[in-house]
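> Here it is: the structure, laid out below.
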Amino acid sequence: MLVSATAGYLKNKLGFVWRLRSLRAKTAVLAVIFAAVPLFLYAEFRKAYQDSQGLLLQSVRDQGRVISQSLLPLLDNADSAALPGLGQQLERFAGQVTTIKLLLAPAGADSEGFYYIASWPSVISSDLEAERQILARQGVLDRLAQSCRGEMPFSLIYDRPTGGAEIVTAVTPVSTAAGCWAVVASFSADAFPTAHLGQPYWATPTVQIAAAIYLVMVIITFTTLFGIGGGLHRFARQARQIREQRRRTSSFAARNEIPELAEVAAEFDRMVDALHRSAAAIRRAAEDNAHAFKTPIAVIRQSLEPLRRALPPENQRVRRAIDSIDRSLDRLDGLVASARRLDEATADLVAEPRRSIDLPRLLGKLIDSRAALLPGRDIRLRGELSPGIFVLGSEAMIETVLENLIDNAASYAPAGSEVLVRLRQERDTAHIEVIDSGPGVPPAQLDQIFDRYFSARRSGRDGDAGSFGIGLSIARRNVEAMHGTIEAENRAPRGLTIHIRLPVAPRFA
């Protein structure tokens with residue numbers, strides 16, 4: 001009791017820390033971490049991705065600008081007669097993945113007045129016009145107009161009409177008498193296959209693979225945690241069934257689905273088997289002990305009869321001694337029977353199966369059987385039983401409780417009185433009352449009467465040598481084993497009521 005109380009106190013004091021140690025709390029913490037980590041990593045990796053893309057674009061843009069600057073002398077000297085041959089001259093500045101295009105906005109034209117003049121590699125006119133329209137819609141031509149005034153290189157990724165992506169890395173304006181020249185140097189996006197230029201960060205294969213790995217890791221982690229939690233819950237349900245003494249339909253090992261818990265499940269099954277073996281051993285010991293004690297008691301009792309018959313009537317002293325021995329044998333015989341009842345009640349707590357009990361039906365049968373034993377004592381036994389009340393328990397344990405309470409009430413009830421057994425349902429509780437018209441119990445002893453070996457008779461009321469204070473103790477233990485309560489209450493003007501409250505069970509529990 002002290003250890004249990006201390007554990008409860010520490011658990012209440014350190015409740016928060018205790019809850020943090022639970023598997024559920026750790027699962028919640030992991031869920032928060034798994035939710036926060038992707039947000040943090042996404043932001044950091046996205047910044048790194050954007051920085052790497054910026055460095056790559058800056059590098060290729062610098063290359064394009066070098067090409068554009070190399071073309072400046074050619075464009076300064078170009079006249080209308082030289083325009084058809086510009087494309088061939090661009091070949092020596094272009095590479096395998098480099099495209100050079102020349103656009104001209106005649107003097108006085110607006111941003112829509114840019115026209116393709118030459119390109120290398122050569123592009124058919126329809127594709128050039130389509131590209132010009134794309135550049136115009138994306139604002140490139142507006143930028144070109146600004147570049148003619150401000151020398152503004154830039155980078156832009158756009159899709160070509162013929163397929164594939166192209167990186168416009170530098171547009172260098174050159175003002176001549178003919179107008180504003182724009183040298184467009186671009187690189188094929190295929191030249192940088194690992195850069196994934198133009199794709200959203202989340203759509204890159206690297207991010208998708210990392211997200212898939214992360215998702216698999218999350219699934220495995222939570223599957224493992226929920227599997228462990230589910231296994232423990234299955235163990236708890238099995239243990240609850242054992243505690244409630246329902247019939248076993250499976251074992252811990254059969255309910256286990258986690259290999260790491262197999263040894264634990266096996267040990268639990270061995271422990272349950274040991275408990276049932278202990279219950280069987282207690283019953284056997286109770287029977288053996290009762291038989292071992294009753295045999296010499298019977299021999300002594302039989303031996304007293306010849307002595308009593310042979311004793312002279314005037315020898316009252318010896319006769320009183322024989323009568324005292326006889327009463328002691330009665331008491332010893334009752335004590336042996338009580339000890340056996342205690343042992344059997346203990347075994348029932350361990351091994352007696354629990355099931356849904358039709359309480360009105362059981363109490364009705366019990367009242368009928370006990371009523372047949374009371375007429376000789378001029379005491380009536382009557383029941384007021386509400387129908388349809390079921391509790392989870394054992395018929396044997398309930399019968400033991402009611403038999404002890406009825407016998408106790410009848411032993412105190414005056415001749416011609418009545419013992420009433422009343423049953424009704426109060427919300428989710430079955431309430432049983434055993435009511436007599438006896439002398440009642442001193443208020444100070446109302447709680448003590450359920451203690452083992454306590455007897456009001458032996459404390460001076462009736463001096464009944466057959467009372468050992470066992471019946472009410474067994475009643476309380478059986479009621480508490482079925483998660484109920486039992487208490488006594490004096491009636492006015494006289495009498496005693498024993499209240500039993502048991503939790504109601506579903507009809508087909």
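The values are calculated or read from the model by the stated rules, or taken from the named source; none is laboratory data. What you see is a predicted model; the values in this text were computed from it and never measured. Cβ sites come from the backbone with ideal geometry, for glycine too, and all protein chains shown count toward neighbours. Side chains are part of the model used for accessible areas, which takes the heavy atoms of the whole protein and leaves out ligands, DNA and RNA. Shrake-Rupley method; radii C 1.70, N 1.55, O 1.52, S 1.80 Å.
> For the range 469-485, which positions are free of Cβ contacts under 8 Å to residues at least 40 places away in the same chain and either β-branched (V, I, T) or assigned to a strand (DSSP E or B) (or both)?
The one that is free of Cβ contacts under 8 Å to residues at least 40 places away in the same chain and either β-branched (V, I, T) or assigned to a strand (DSSP E or B) (or both): T485.
> Restricting the search to the range 289-308, which residues are small (G, A, S) and either outside any helix (DSSP H, G or I) or surrounded by 14 or more Cβ atoms within 10 Å (Cβ to Cβ) (or both)?
A290
> Hey, I282 hits all of (1) surrounded by 13 or more Cβ atoms within 10 Å (Cβ to Cβ); (2) under 30 Å from G230 (Cα atoms) but one; which does it fall short on?
Here I282 clears every test but (2).
> Can I ask one more? List every residue pair whose Cβ atoms sit under 6 Å apart, with the two residues 6 or more apart in sequence or on different chains, where the first one lies in the range 28-46 and is of a type in the set (K, R) and the second, anywhere, is part of a helix (DSSP H, G or I).
R46/Y201
> Of these, A165, A189, A195, which one is surrounded by 13 or more Cβ atoms within 10 Å (Cβ to Cβ), modelled with pLDDT under 70 and out of contact with any helix residue (DSSP H, G or I) (no Cβ under 7 Å at 6 or more places or on another chain)?
A189
> Do you know which of the residues in the range 22-76 that are of a type in the set (S, T, N, Q) and open to solvent by less than 50 Å² (accessible area, probe 1.4 Å) is nearest to Q89 (Cα to Cα)? I'd like the intermediate steps shown before the answer.
Keep residues of the range 22-76 that are of a type in the set (S, T, N, Q), which gives 22, 27, 50, 52-53, 58-59, 63, 68-70.
Still in the running and open to solvent by less than 50 Å² (accessible area, probe 1.4 Å): 22, 27, 53, 68.
Values: S22: 77, T27: 69, Q53: 32, S68: 13 Å.
Checking each candidate, the answer is S68.
> Scan the range 340-366 for residues that are at pLDDT below 80 and open to solvent by less than 50 Å² (accessible area, probe 1.4 Å) and jot them down.
Once the filter is applied, which keeps residues that are at pLDDT below 80 and open to solvent by less than 50 Å² (accessible area, probe 1.4 Å), the range 340-366 yields L342, A345, T346, A347, D348, L349, V350, A351, E352, P353, R354.
> Pairs under 8 Å by beta carbon, first residue closer than 17 Å to L232 by Cα and modelled with pLDDT of 80 or more in the range 263-278, partner in a helix (DSSP H, G or I) and not hydroxyl-bearing (S, T, Y), six or more apart or different chains?
A266/F252; A266/A253
> Look at R424 and say whether it is modelled with pLDDT of 85 or more, out of contact with any Pro (no Cβ under 6 Å at 6 or more places or on another chain) and open to solvent by 10 Å² or more (accessible area, probe 1.4 Å).
The answer is yes for R424.
> Hey, can you tell me all the residues within the range 306-325 that are modelled with pLDDT of 80 or more and of a type in the set (D, E)?
Hit for the range 306-325 is D323, nothing else.
> Under 7 Å between Cβ atoms, at least 6 apart or on separate chains: pull out the pairs that start in the range 309-337 with a residue that is on the phi > 0 side of the Ramachandran plot and open to solvent by 70 Å² or more (accessible area, probe 1.4 Å) and end on any residue that is of a type in the set (S, T, Y) and in a helix (DSSP H, G or I).
none
A quick yes/no check of all residues on (1) of a type in the set (G, A, S); (2) part of a helix (DSSP H, G or I); (3) under 12 Å from I498 (Cα atoms):
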site: M397; (1), (2), (3): no, yes, no
site: E403; (1), (2), (3): no, yes, no
site: I406; (1), (2), (3): no, yes, yes
site: R422; (1), (2), (3): no, no, yes
site: I432; (1), (2), (3): no, no, yes
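> Quick one: would you say I389 is more than 21 Å from S356 (Cβ to Cβ) and hydrophobic (A, V, I, L, M, F, W, C)?
When the stated conditions are applied, I389 does not pass them.
> For V37, indicate whether it is of a type in the set (V, I, T) and modelled with pLDDT of 70 or more. Steps first, answer last, please.
Details: of a type in the set (V, I, T): yes; modelled with pLDDT of 70 or more: yes.
Yes, satisfied.
> So, one more: In the range 80-99, is there at least one residue being outside any helix (DSSP H, G or I), at pLDDT 75 or above and either loosely packed, with under 10 Cβ neighbours inside 10 Å or under 60 Å from the mean Cα position of the chain (by Cα) (or both)?
yes
> Would you be able to tell me the number of residues in the range 26-81 that are under 30 Å from G229 (Cβ atoms) and not hydroxyl-bearing (S, T, Y)?
15
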